[in-house]
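Enquirer: This is the structure I want to talk about, given as structure tokens.
The values are calculated or read from the model by the stated rules, or taken from the named source; none is laboratory data. Please read all numbers here as calculations on a predicted model, not as lab measurements. Using ideal geometry, Cβ is built from the backbone for each residue, glycine included, and neighbour counts are taken over all protein chains shown. In case anyone asks, the SASA skips ligands and DNA or RNA and just uses the protein heavy atoms, side chains included. Shrake-Rupley method; radii C 1.70, N 1.55, O 1.52, S 1.80 Å.
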Amino acid sequence: MQMVCPPLNAAQNTTPLSTGRVRSCFVQSRVAVTRLLCAYGWLATAALASAEPAIISMHDTSNTTATDAPTRHRLAAVEHVAVDLRFDEQLQRARGSARLTLSALARTDRIALDAAHFEIERISLFAPRSRPGSRGKALRFVYDGSARDDALHISLDRAYDVGERFDIEIAYQTTWRNESDPANTSGSTGKGLRFFRPTTTDPRKRRQIWAYGEPGGNRYWFPSYDAPNALRTFELRATVPAPLIVIGNGKLKATKRNADGSRTFHWKLDMPQANHRTTLAIGEYVDIPQKVGRVRLANYAYPDEVQATKDSVDRLPDMVRYFGDLTGREFPYPTYSQVFVQDFPWGMAGTGMSIQTENMVDDFGTHADFLYLWDGLEAESLAHQWFGNLISQRHWRDTWLSRAFARHLDGRYTQHKNGYSEYLLWYHSADHATVHTDWADGIRWPVVPRDLLLGGSKKGEPAKTHSDAEYAFVTGNTPYARGALVMHMLRKHLGDERWQRVIQHYVRAHAGRLVTTNDLRNAIEDVAGESLGWFFDQWVYRTGHPIFELAASIDATRREVVLKIKQTQPIENTLNIPQTALFQGFVDIEIATRSPTGVRSRVERHWLDAKTDNTLNFALQADEALVFVNFDFEQTWIKEVKQTRSPEELIEVLRHTRDELARLAAMNELSKFAKENPSAPASHDFQKTMREIIESEAYWRIRFNATNQLRSLLAPASETKPVALDAAMRESLVKAIKRPGTWTRSAAIHFLGMTRDAQYVDLYLSYLRDPSDRVINAAAIALGRSGSPKAYQALVDLPVHPSWKNQSLISALAGFKELRDP
């Protein structure tokens with residue numbers, strides 16, 4: 001399974017976020033292993049042949065290079081796992097058995113498995129494919145009950161030669177309680193099975209069970225080899241009381257009604273998968289089917305949210321088709337299920353199945369307002385079916401091959417559906433903000449670390465165990481947000497056409513296989529015909545980013561713009577991880593010039609050498625004057641830039657750049673200047689330019705941000721007194737309100753309502769029946785602030801308006817708070 005999360009830090013003032021729609025990830029630890037094994041004499045000895053792997057799983061970090069990673073060794077391979085469980089909802093336990101088919105990888109009379117906090121009743125040995133109900137041979141075992149690797153050691157009845165197969169059945173019950181984290185209202189994951197049922201304090205809780213698997217989570221509900229460097233098939237038989245149903249991986253083979261009124265669901269996955277890709281969800285659901293070609297799509301909805309779920313999954317078939325075209329591979333499984341659950345912070349993808357937060361389900365109008373968010377959740381989980389399931393990383397350190405690829409494809413879908421501006425202003429800017437926040441907090445892993453124990457935790461403190469480090473890294477932002485930015489750099493370096501051929505070649509070559517980062521690099525070099533060792537060393541295997549100091553001048557004699565670029569990033573000797581000292585690569589630079597015909601800009605690509613000082617020259621025509629230089633057009637690089645620019649130059653950027661991110665950055669910088677220098681001429685020019693943007697055809701996020709920036713500039717922080725706005729500002733807001741776009745309309749209503757002017761009451765009343773609850777909420781608050789006699793009855797009547805989860809009532813109460821009517 002793959003935890004799918006949005007960035008923790010979105011770009012400032014670009015996107016509205018609703019409460020409770022942010023993920024949180026947690027680190028739980030396991031202790032290291034050797035003490036118990038030494039007591040039983042099960043450590044490797046000199047008598048073992050040198051070709052045999054170690055008896056227990058060890059993380060060997062010696063002689064580790066950028067291309068080889070520590071891995072767990074095994075004496076036997078798990079080929080198939082068959083789990084049969086019943087559940088005690090009150091005790092929050094599962095009880096049953098797991099039957100594992102194994103084959104010896106070396107001559108051995110013992111094996112070790114991962115099993116966290118079980119009560120083990122017995123372990124039996126069976127011949128392969130023995131009849132159901134046949135009696136097995138009891139085996140001795142040693143188990144310390146912990147969550148560490150290889151906690152369960154089993155002695156076989158004899159020594160098995162390489163390739164010999166045998167079945168082991170473990171009868172057990174779980175004891176670990178995967179409790180919700182009360183400090184995280186947006187949800188939490190934990191490890192193992194999480195149970196839900198109505199309680200006296202929360203009678204609305206739904207009966208539900210789900211399991212989260214990555215990394216090291218599945219060992220809490222079934223015994224296994226719980227590491228990414230092995231594939232096996234899986235089947236699940238789960239017995240639950242009606243009306244609950246079970247959703248698992250693969251195909252539903254059978255549903256059996258039992259004499260006690262319960263039902264047993266049998267799911268089977270025939271395509272080998274890594275252990276962490278196993279998923280489970282149990283609850284009361286209604287299946288909403290869809291179909292794309294031969295692929296059946298199942299969306300499991302709460303019985304009282306069927307229509308809303310239909311509205312919320314409307315784009316899923318289009319996503320399946322788009323990813324099939326982009327990767328050159330149709331959806332790789334016969335079925336795909338989405339299950340919506342409570343108390344989950346975002347989404348996770350198992351094989352042929354994803355578990356999603358129930359917050360994704362909205363009515364049509366609400367979902368339309370939040371497509372920027374929920375398209376991302378749905379598309380990212382779906383993309384993991386190609387990158388994570390069809391192709392899975394061999395080592396945890398290569399997690400970016402799943403997480404960054406899924407994030408990248410998710411961004412590609414939003415570009416396909418909503419345009420490149422949406423990709424830049426939502427996905428790309430949020431990833432940049434997340435990466436820089438992590439860096440400031442001391443989280444400084446490379447995208448592919450050499451050793452997860454070194455230097456990746458907060459403030460540079462090393463993790464105590466590999467288990468700690470694996471969980472922190474896999475669920476963190478480095479392989480996700482930073483990895484996605486690196487993917488985007490590869491795309492920009494190669495160009496869209498070559499990058500798509502790389503993706504399709506990579507998928508063809510590695511479908512059904514475990515991969516490392518070298519496999520992706522080789523695929524790129526096969527297609528591109530150029531060596532990218534420098535790129536991977538710089539951006540993938542090392543950490544850090546350049547800090548550029550820029551200075552532009554005019555060479556009047558040569559009629560050139562001279563841009564001096566200095567790299568000033570320090571090397572932090574306290575870090576135990578490799579850092580890039582000086583960066584190289586292509587950079588796109590926008591040059592804007594003014595001539596008698598007006599301002600025009602062009603984008604040129606130049607190569608920066610890996611040295612402290614680079615100088616670039618840009619030709620000017622005889623009648624041209626330089627207006628501004630926009631370094632790293634569309635912010636492709638992970639970087640910081642130090643550049644002195646006057647307010648007048650920033651206004652030119654705001655008016656004339658072709659780069660949405662540069663426009664946004666100029667807007668933020670000018671807003672700060674105007675607050676500090678309200679009487680400066682540039683501040684008045686800034687306000688005028690912002691009004692022009694609000695009325696323009698600029699992308700909605702730019703207009704939305706301009707409205708909010710002006711509101712923060714012109715409105716008092718307390719919002720208790722009327723805001724004085726001139727006629728031009730009021731006219732701009734009224735025009736914005738009457739234009740399409742729910743977020744821009746609601747922002748304009750909110751701003752205009754701060755005037756507390758009753759002349760706009762009829763305008764506010766007209767938007768109390770808007771299709772968007774965001775607009776209704778803004779209109780109700782503005783109406784209350786007006787103090788109009790018309791407001792009281794309109795707010796009384798508002799809750800009658802149908803809305804999703806009482807949003808009309810919430811808006812009415814917000815309006816009454818502002819009205820202050822006794």
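Enquirer: Could you give me the residue pairs with C-beta distances under 6 Å whose first residue belongs to segment 546-569 and is modelled with pLDDT of 95 or more, whose second residue is acidic (Asp, Glu) and surrounded by fewer than 16 Cβ atoms within 10 Å (Cβ to Cβ) wherever it lies, and which are 6+ apart or on separate chains?
Expert: Correct list of pairs: Ile547/Glu640; Val562/Asp555; Lys566/Glu549; Lys566/Asp613; Thr568/Glu549.
Enquirer: Output the number of residues of segment 595-619 satisfying the condition of being open to solvent by 70 Å² or more (accessible area, probe 1.4 Å), out of contact with any Phe, Trp or Tyr (no Cβ under 7 Å at 6 or more places or on another chain) and farther than 20 Å from Thr557 by Cβ.
Expert: Selection size over segment 595-619: 5.
To keep it simple, each residue is scored yes or no on (1) outside any helix (DSSP H, G or I); (2) closer than 23 Å to Asn359 by Cβ; (3) without any contact (Cβ under 8 Å) to a residue 40 or more places away in the chain.
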{"residue": "Arg745", "(1), (2), (3)": "no, no, yes"}
{"residue": "Ala748", "(1), (2), (3)": "no, no, no"}
{"residue": "Gly784", "(1), (2), (3)": "no, no, yes"}
{"residue": "Pro802", "(1), (2), (3)": "yes, yes, yes"}
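Enquirer: Does segment 119-136 contain at least one residue that is part of a strand (DSSP E or B), of a type in the set (Phe, Trp, Tyr) and within 27 Å of Ile282 (Cβ to Cβ)?
Expert: Our first condition is that a residue be part of a strand (DSSP E or B); within segment 119-136, this holds for 119-126.
Retained after the next criterion (residues that are of a type in the set (Phe, Trp, Tyr)): 126.
Keeping just the survivors that are within 27 Å of Ile282 (Cβ to Cβ) gives none.
Among the residues of segment 119-136, not one is part of a strand (DSSP E or B), of a type in the set (Phe, Trp, Tyr) and within 27 Å of Ile282 (Cβ to Cβ), which makes the answer no.
Enquirer: Just to be sure before I move on: is His432 at negative phi, surrounded by fewer than 20 Cβ atoms within 10 Å (Cβ to Cβ) and in a helix (DSSP H, G or I) in the structure I sent?
Expert: When the stated conditions are applied, His432 does not pass them.
Enquirer: If you go through segment 146-173 one residue at a time, how many are open to solvent by less than 20 Å² (accessible area, probe 1.4 Å) and among the small types (Gly, Ala, Ser)?
Expert: The number of residues fulfilling the criteria is 4.
Enquirer: Between residues in segment 500-516 that are in contact (Cβ under 8 Å) with a residue 60 or more places away in the chain and residues that are in a strand (DSSP E or B) and surrounded by fewer than 19 Cβ atoms within 10 Å (Cβ to Cβ), which pairs lie under 9 Å by C-beta distance while being six or more apart or on different chains?
Expert: Final answer for the pair search is Gly512/Met271; Gly512/Pro272.
Enquirer: Would you check if Asp325 is within 20 Å of Gly388 (Cα to Cα) and without any contact (Cβ under 8 Å) to a residue 12 or more places away in the chain? Outline the logic, then answer.
Expert: Details: within 20 Å of Gly388 (Cα to Cα): yes; without any contact (Cβ under 8 Å) to a residue 12 or more places away in the chain: yes.
When the stated conditions are applied, Asp325 passes them.
Enquirer: Condition check: under 28 Å from the mean Cα position of the chain (by Cα), modelled with pLDDT under 95 and surrounded by fewer than 19 Cβ atoms within 10 Å (Cβ to Cβ). Does Asn184 satisfy that?
Expert: Criteria met by Asn184.
Enquirer: A follow-up question, please. Within the group Pro303, Pro332, which residue is on the phi < 0 side of the Ramachandran plot and free of Cβ contacts under 8 Å to residues at least 24 places away in the same chain?
Expert: Numbers: Pro332 fails: free of Cβ contacts under 8 Å to residues at least 24 places away in the same chain.
One residue alone meets the criteria, Pro303.
Enquirer: Hey, can you tell me all the residues within segment 117-145 that are closer than 17 Å to Ser224 by Cβ, open to solvent by less than 30 Å² (accessible area, probe 1.4 Å) and touching a residue at least 60 places away in the same chain (Cβ under 8 Å)?
Expert: Scanning segment 117-145 gives a single hit, Phe118.
Enquirer: With Asp762, Asp773, Asp797 as the choices, which residue is surrounded by 20 or more Cβ atoms within 10 Å (Cβ to Cβ), over 30 Å from Glu669 (Cβ atoms) and either out of contact with any Ser or Thr (no Cβ under 8 Å at 6 or more places or on another chain) or in contact (Cβ under 8 Å) with a residue 60 or more places away in the chain (or both)?
Expert: One residue alone meets the criteria, Asp773.
Enquirer: Suppose we keep only residues that are β-branched (Val, Ile, Thr) and closer than 20 Å to Thr657 by Cα within segment 569-589. Which one would you say is surrounded by the most Cβ atoms within 10 Å (Cβ to Cβ)? Talk me through it step by step, then tell me what you get.
Expert: The first filter runs over segment 569-589 and keeps only residues β-branched (Val, Ile, Thr), leaving 571, 574, 577, 580, 587, 589.
Within this subset, residues satisfying the condition of being closer than 20 Å to Thr657 by Cα are 587, 589.
Values: Val587: 23, Ile589: 20.
Once the filter is applied, the top-ranked residue is Val587.
Enquirer: Here are the criteria: (1) touching a His at 6+ places or on another chain (Cβ under 6 Å); (2) surrounded by fewer than 20 Cβ atoms within 10 Å (Cβ to Cβ). Tell me which single one Thr720 does not satisfy.
Expert: Only one criterion in (1) touching a His at 6+ places or on another chain (Cβ under 6 Å); (2) surrounded by fewer than 20 Cβ atoms within 10 Å (Cβ to Cβ) is unmet by Thr720, namely (1).
Enquirer: Asn218 - would you say it is among the polar types (S, T, N, Q) and under 30 Å from His153 (Cβ atoms)? Give the derivation first.
Expert: Working: among the polar types (S, T, N, Q): yes; under 30 Å from His153 (Cβ atoms): yes.
Criteria met by Asn218.
Enquirer: Got a sec? Which of Ala662, Ala622 is surrounded by 17 or more Cβ atoms within 10 Å (Cβ to Cβ) and of a type in the set (Gly, Ala, Ser)? Don't jump to the end; show me each part of the working.
Expert: Values: Ala622 fails: surrounded by 17 or more Cβ atoms within 10 Å (Cβ to Cβ).
After applying the criteria, what remains is Ala662.
Enquirer: So, one more: State the number of residues belonging to segment 152-177 that are assigned to a loop (DSSP other than H, G, I, E, B) and within 23 Å of Glu235 (Cα to Cα).
Expert: 4
Enquirer: From the residues in segment 486-541 that are among the small types (Gly, Ala, Ser) and farther than 29 Å from Arg232 by Cα, which one is surrounded by the most Cβ atoms within 10 Å (Cβ to Cβ)?
Expert: Ala528
Enquirer: Give, as residue ranges, the strands (runs of 3 or more DSSP E) completely inside segment 229-299 that count at least 2 residues that are more than 21 Å from Arg93 (Cα to Cα).
Expert: Counting at least 2 such residues, we get 232-241, 251-257, 262-273, 286-292.
Enquirer: So which residues in segment 539-585 are within 29 Å of Asn518 (Cα to Cα) and of a type in the set (A, V, I, L, M)?
Expert: Answer for segment 539-585, where residues must be within 29 Å of Asn518 (Cα to Cα) and of a type in the set (A, V, I, L, M): Val540, Ile547, Ile571, Leu575, Ile577, Ala581, Leu582.
Enquirer: Also: Which condition does Ala592 not pass, out of (1) over 25 Å from Ile651 (Cβ atoms); (2) open to solvent by less than 50 Å² (accessible area, probe 1.4 Å); (3) hydrophobic (A, V, I, L, M, F, W, C), if it passes all the others?
Expert: Of the numbered conditions (1) over 25 Å from Ile651 (Cβ atoms); (2) open to solvent by less than 50 Å² (accessible area, probe 1.4 Å); (3) hydrophobic (A, V, I, L, M, F, W, C), the odd one out for Ala592 is (1).
Enquirer: I'm checking my understanding of the structure. Among residues of segment 604-625 that are more than 30 Å from Gln579 (Cβ to Cβ) and of a type outside the set (D, E, K, R), which one is farthest from the chain's Cα centre (by Cα)? Quick ask: steps written out before the conclusion?
Expert: In the first step, residues of segment 604-625 are kept if they are more than 30 Å from Gln579 (Cβ to Cβ); the result is 617-625.
Applying the additional criterion that residues be of a type outside the set (D, E, K, R) yields 617-622, 625.
Values: Asn617: 40, Phe618: 40, Ala619: 43, Leu620: 44, Gln621: 47, Ala622: 50, Ala625: 44 Å.
Step by step, filter segment 604-625, then rank; the result is Ala622.
Enquirer: Give the residues of segment 187-205 that are out of contact with any strand residue (DSSP E or B) (no Cβ under 6 Å at 6 or more places or on another chain), in contact (Cβ under 8 Å) with a residue 12 or more places away in the chain and either open to solvent by 60 Å² or more (accessible area, probe 1.4 Å) or in a loop (DSSP other than H, G, I, E, B) (or both), sorted by residue number.
Expert: Across segment 187-205, the qualifying residues are Gly187, Ser188, Gly190, Lys191, Arg197.
Enquirer: Considering Thr689, Thr657, Thr636, which residue is under 20 Å from Tyr427 (Cβ atoms), out of contact with any Ser or Thr (no Cβ under 8 Å at 6 or more places or on another chain), open to solvent by less than 50 Å² (accessible area, probe 1.4 Å) and not basic (Lys, Arg)?
Expert: When all the criteria are applied, what remains is Thr636.
Enquirer: Part of a helix (DSSP H, G or I), open to solvent by 30 Å² or more (accessible area, probe 1.4 Å) and of a type in the set (A, V, I, L, M): which single residue out of Leu713, Leu733, Leu752 fits that description? Break it down into steps so the answer makes sense when it comes.
Expert: Numbers: Leu733 fails: open to solvent by 30 Å² or more (accessible area, probe 1.4 Å); Leu752 fails: open to solvent by 30 Å² or more (accessible area, probe 1.4 Å).
None of the others qualify; the one that does is Leu713.
Enquirer: Taking Phe222 as the residue in question, decide whether it is of a type in the set (Phe, Trp, Tyr) and within 33 Å of the chain's Cα centre (by Cα).
Expert: Considered against the rule, which asks whether it is of a type in the set (Phe, Trp, Tyr) and within 33 Å of the chain's Cα centre (by Cα), Phe222 comes out as yes.
Enquirer: If you go through segment 358-374 one residue at a time, do you hit one that is modelled with pLDDT of 95 or more and more than 28 Å from Asp202 (Cα to Cα)?
Expert: The answer is no, given that none of the residues of segment 358-374 is modelled with pLDDT of 95 or more and more than 28 Å from Asp202 (Cα to Cα).
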